[in-house]
Ligand SMILES: Cc1ncc(COP(=O)(O)O)c(C=O)c1O
């Protein structure tokens with residue numbers, strides 16, 4: 001499909017390409033000096049003491065659950081309006097995800113009151129998702145988790161660049177559509193040295209040395225001290241991430257300018273409030289309609305105009321997750337009534353204008 005306006009647009013500059021080229025020319029492809037430098041740079045940028053790069057955001061969440069010692073019998077509270085990986089992460093270690101609702105269809109972020117309502121003696125952790133790039137209510141969640149002795153995990157896969165009170169661990173994704181995109185990749189950020197060490201070990205089969213250590217002659221073999229995985233990132237992607245990192249803040253600011261422009265035109269359908277827009281890192285721009293019929297009509301009009309849109313389902317209504325389903329009306333309504341419009345670091349005002357000019361009459365039933 002060739003879109004007139006695609007949902008997203010990933011553009012690499014000469015410096016990005018050169019960083020990857022230099023890495024390939026070096027002949028060193030697996031975790032090594034560029035991965036280490038990428039970890040240090042992201043840790044400094046995000047203000048965490050430790051960063052461990054992994055193969056995906058899903059791997060980051062999985063290893064976080066493992067490193068925090070979550071296991072069978074433990075319950076982990078997760079909002080239903082999220083990407084499914086947030087819900088699978090506790091499952092990978094045998095723990096049970098407990099789905100909670102979001103605040104409202106127009107502000108579909110984890111509802112602290114519903115988290116409180118879902119606490120049981122088995123609750124061990126909460127996963128706060130910065131959905132669409134909007135920060136979850138971290139101060140309230142931090143206070144709640146501290147009061148009940150729970151771990152607070154930030155799923156920041158869509159929230160790179162969000163500045164909010166910290167969880168015990170934050171998980172990033174570098175998947176293609178993300179603010180810091182390298183293809184596939186993820187990272188675990190924490191101030192807890194023991195958690196970082198555990199994640200570092202588990203990402204590479206719990207081996208006591210890596211290929212890079214052996215290449216440099218530091219070790220000639222290894223021991224295996226746990227039951228780990230191959231969740232390593234590779235050097236070309238670390239090199240790309242390192243090259244792109246200094247540009248991301250300006251790109252997020254560009255996204256914010258485009259979001260403000262969309263909101264000026266589409267105010268009646270805008271989600272979140274103006275203050276939230278200033279705090280968000282704008283993974284996606286979404287609008288909310290009064291009913292499903294309007295959303296379908298608008299999507300069809302945009303499609304016919306060559307404008308790509310997407311929608312995020314609520315996890316509790318996906319077949320695999322029916323076993324965890326419970327009534328979650330705000331998550332269901334958000335999923336049914338929203339539409340994500342084109343937004344990237346390269347969206348132009350003309351594109352915002354064009355999308356809005358197709359959307360408005362369609363939403364009003366005049367298309
Ligand atoms: C909220 C959320 N969590 C986790 C993930 C998983 O990240 P990855 O695709 O890098 O495994 C994603 C990816 O889309 C996501 O949006």
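The values are calculated or read from the model by the stated rules, or taken from the named source; none is laboratory data. Because the structure is a prediction, the values reported are computed rather than measured. Note that we place each Cβ from the backbone using ideal geometry, even for glycine, and neighbour counts take in every protein chain shown.
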- If you go through the range 54-73 one residue at a time, do you hit one that is crowded, with 20+ Cβ neighbours inside 10 Å, assigned to a strand (DSSP E or B), in the same structural domain as residue 136 (by TED's automatic domain parsing) and in contact (Cβ under 8 Å) with a residue 12 or more places away in the chain? yes
- Message: Looking at 239, 249, 243 in this structure, which one is more than 16 Å from the ligand (Cβ to nearest atom) and under 25 Å from residue 165 (Cβ atoms)?
- Response: 249
- Which one of these is within 19 Å of the chain's Cα centre (by Cα), surrounded by 17 or more Cβ atoms within 10 Å (Cβ to Cβ), farther than 21 Å from residue 130 by Cβ and modelled with pLDDT of 95 or more: 286, 309? 309
- Query: Which condition does residue 89 not pass, out of (1) away from the ligand (no atom under 16 Å from the Cβ); (2) out of contact with any strand residue (DSSP E or B) (no Cβ under 6 Å at 6 or more places or on another chain), if it passes all the others?
  - Reply: (1)
- Note on the structure: Here the residues within the range 289-306 that are surrounded by 18 or more Cβ atoms within 10 Å (Cβ to Cβ) and either free of Cβ contacts under 8 Å to residues at least 60 places away in the same chain or within 30 Å of residue 163 (Cβ to Cβ) (or both) are 295, 299
- For the range 268-281, indicate whether the set of residues that are buried (at least 21 other Cβ atoms within 10 Å of the Cβ), under 30 Å from residue 67 (Cβ atoms) and within 19 Å of the chain's Cα centre (by Cα) is non-empty. yes
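Any residue at all in the range 103-111 that's farther than 21 Å from residue 327 by Cβ, at pLDDT 95 or above and either more than 16 Å from the ligand (Cβ to nearest atom) or not in a loop (DSSP other than H, G, I, E, B) (or both)?
The answer is no, given that none of the residues of the range 103-111 is farther than 21 Å from residue 327 by Cβ, at pLDDT 95 or above and either more than 16 Å from the ligand (Cβ to nearest atom) or not in a loop (DSSP other than H, G, I, E, B) (or both).
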- Query: From the list 255, 216, 265, 260, which residue is within 20 Å of residue 130 (Cα to Cα), more than 15 Å from the ligand (Cβ to nearest atom) and surrounded by fewer than 21 Cβ atoms within 10 Å (Cβ to Cβ)?
  - Reply: 260
- Task: Select from the range 211-243 the residues that are within 19 Å of residue 42 (Cβ to Cβ) and either without any contact (Cβ under 8 Å) to a residue 24 or more places away in the chain or in a loop (DSSP other than H, G, I, E, B) (or both) and list them in ascending order.
- Result: 231, 232, 233
- Message: Any residue that is buried (at least 20 other Cβ atoms within 10 Å of the Cβ) and within 22 Å of residue 19 (Cβ to Cβ) - is there at least one of those in the range 158-165?
- Response: yes
